[in-house]
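Written out below as structure tokens is the structure these notes cover.
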Amino acid sequence: MSDDASLTLPFPLRRSRHHAHAADRHRTWLDRHRELADVTDEAAYGHWEVAELAALGYPAAGPDELALAADLLGFYFLFDDQFDTELGRRPTEVARICDRLTDILHGALPDASSAVERAFADLWRRSTAGMPGRWRARAATNWEWYFASHPAEAAGRLAGRIPDREGYLILRRGTAAMETIFDMVERLGGFTVPPSTYHHPVLRQIRQLAADIPSFSNDVRSYPLEAPRGDVYNLVMIVQRERDCPPEEACAIVLTEAQHMVDRYTHLLTELPCAYDELELDEEQSRTAQQYADGITAWLTGYLYWERRTGRYRAG
């Protein structure tokens with residue numbers, strides 16, 4: 001399969017100057033939660049450049065905030081990778097793990113013997129510090145969505161049935177955790193978006209496209225790894241079945257769809273000032289909404305740049 005899986009984005013790439021600080025702090029965090037990383041080779045993890053993704057995805061974050069972002073990203077990857085083992089084919093056990101983590105969102109204490117629970121409890125405490133109740137409630141809902149999607153993904157692996165496109169999108173939008181990623185734009189930036197702005201159709205479309213584009217791109221890059229181990233929630237496989245075509249052609253189709261989404265995203269950004277006027281936002285409110293949109297764009301741009309270079313999705 002071709003290595004050319006790149007999308008064209010018209011946005012400048014930015015990188016935080018606090019990368020080295022975040023990388024050092026992240027190594028310390030990993031040392032404290034060493035058992036969390038047992039499923040991953042330490043040298044291989046270093047090639048993933050997790051702190052680099054944090055610096056590219058959240059370029060405006062301060063040093064301590066960027067360290068938190070790196071720890072969160074490391075958690076996502078390591079938590080997800082535990083299900084690449086036989087555990088990922090046991091839906092009941094996966095549900096037990098995920099339900100316990102959901103309980104932590106609602107006040108339960110972590111089991112001291114569980115590295116995953118201790119790590120997540122630490123991240124949830126730090127992520128919610130100083131944030132208003134409305135944001136905390138939304139963030140908890142988005143994390144619950146993420147955790148609750150994993151048992152269904154495990155069931156899909158066990159059954160070996162490729163889902164239809166709609167079923168794929170529902171589950172992929174959960175396991176991708178992008179809503180939690182976007183919640184951190186506010187947390188790391190020290191602001192919150194008012195509900196009427198957050199849920200405006202233009203901003204909701206922007207957020208959904210920014211969530212789906214990386215998933216489409218990632219499915220192309222991770223297909224050589226996922227297909228042999230029986231993962232079925234991959235759009236390349238779905239397109240192969242829809243079009244009765246080989247993997248190379250299916251990958252090209254998925255990337256073309258993703259590029260159309262990028263173009264739509266770019267157009268929607270130009271509609272934001274009109275949306276602010278329609279909502280009668282004042283100058284400060286408009287600035288906050290734009291800061292949020294800019295943060296999402298920074299994440300999208302930074303992630304796609306990182307994805308092309310990281311060792312995480314290289315076979316062998």
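Would region 179-190 turn up any residue that is within 19 Å of residue 81 (Cα to Cα), within 17 Å of the chain's Cα centre (by Cα) and part of a helix (DSSP H, G or I)? It would help to see each step written out before you state the result.
Of the residues in region 179-190, the ones within 19 Å of residue 81 (Cα to Cα) are 180-181.
From the residues that got through so far, the ones that are within 17 Å of the chain's Cα centre (by Cα) too are 180-181.
Filter once more, so that each one left must be part of a helix (DSSP H, G or I): 180-181.
Yes - at least one qualifying residue is present in region 179-190.
Hey, can you tell me all the residues within region 127-163 that are open to solvent by 40 Å² or more (accessible area, probe 1.4 Å) and more than 30 Å from residue 236 (Cα to Cα)?
129, 130, 132, 133, 134, 136, 137, 138
For region 243-261, indicate whether the set of residues that are touching a residue at least 12 places away in the same chain (Cβ under 8 Å), outside any loop (DSSP other than H, G, I, E, B), closer than 28 Å to residue 63 by Cα and open to solvent by 30 Å² or more (accessible area, probe 1.4 Å) is non-empty.
Within region 243-261 (the criterion being touching a residue at least 12 places away in the same chain (Cβ under 8 Å), outside any loop (DSSP other than H, G, I, E, B), closer than 28 Å to residue 63 by Cα and open to solvent by 30 Å² or more (accessible area, probe 1.4 Å)), the answer is no, since none of the residues qualifies.
Pairs needed: first member in region 134-147, of a type in the set (Phe, Trp, Tyr); second member anywhere, open to solvent by 80 Å² or more (accessible area, probe 1.4 Å); C-beta distance under 9 Å; at least 6 residues apart or different chains.
147/99
Return the residues of region 221-231 that are within 19 Å of the chain's Cα centre (by Cα) and either open to solvent by 10 Å² or more (accessible area, probe 1.4 Å) or free of Cβ contacts under 8 Å to residues at least 12 places away in the same chain (or both); say none if nothing qualifies. Break it down into steps so the answer makes sense when it comes.
Here is the first cut: in region 221-231, the residues within 19 Å of the chain's Cα centre (by Cα) are 221-223, 225-226, 231.
Within region 221-231, 221, 223, 225, 226, 231 qualify.
Results for (1) polar (S, T, N, Q); (2) not in a loop (DSSP other than H, G, I, E, B), shown as yes or no for each residue.
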{"residue": "10", "(1), (2)": "no, no"}
{"residue": "16", "(1), (2)": "yes, no"}
{"residue": "25", "(1), (2)": "no, yes"}
{"residue": "30", "(1), (2)": "no, yes"}
{"residue": "40", "(1), (2)": "yes, no"}
{"residue": "47", "(1), (2)": "no, yes"}
{"residue": "51", "(1), (2)": "no, yes"}
{"residue": "56", "(1), (2)": "no, yes"}
{"residue": "60", "(1), (2)": "no, no"}
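Can you name every residue in region 164-173 that is of a type outside the set (A, V, I, L, M), under 30 Å from residue 297 (Cβ atoms) and surrounded by fewer than 21 Cβ atoms within 10 Å (Cβ to Cβ)? Step through it out loud before you land on a result.
Within region 164-173, the subset of a type outside the set (A, V, I, L, M) is 164-168, 172-173.
Then keep just the ones that are under 30 Å from residue 297 (Cβ atoms); that gives 165-168, 172-173.
The answer is 165, 166, 167, 168, 173.
Residue pairs, Cβ under 9 Å, 6 or more apart or interchain, first in region 189-214 and on the phi > 0 side of the Ramachandran plot, second in a loop (DSSP other than H, G, I, E, B). List them.
190/62; 190/130
Suppose we keep only residues that are surrounded by 20 or more Cβ atoms within 10 Å (Cβ to Cβ) and modelled with pLDDT of 95 or more within region 79-96. Which one would you say is nearest to residue 142 (Cα to Cα)?
Step one: filter region 79-96 for residues surrounded by 20 or more Cβ atoms within 10 Å (Cβ to Cβ), giving 79, 83, 88, 94.
Of the ones still in play, those that are also modelled with pLDDT of 95 or more are 79, 94.
Working: 79: 16, 94: 18 Å.
Step by step, filter region 79-96, then rank; the result is 79.
The values are calculated or read from the model by the stated rules, or taken from the named source; none is laboratory data. Keep in mind the model is a prediction, meaning the values are calculated, not measured. Ideal geometry is used to build each Cβ from the backbone, glycine not excepted, and the neighbour counts take in all protein chains shown. All accessible areas refer to the heavy atoms of the entire protein, side chains included, with ligands and DNA or RNA removed. Shrake-Rupley method; radii C 1.70, N 1.55, O 1.52, S 1.80 Å.
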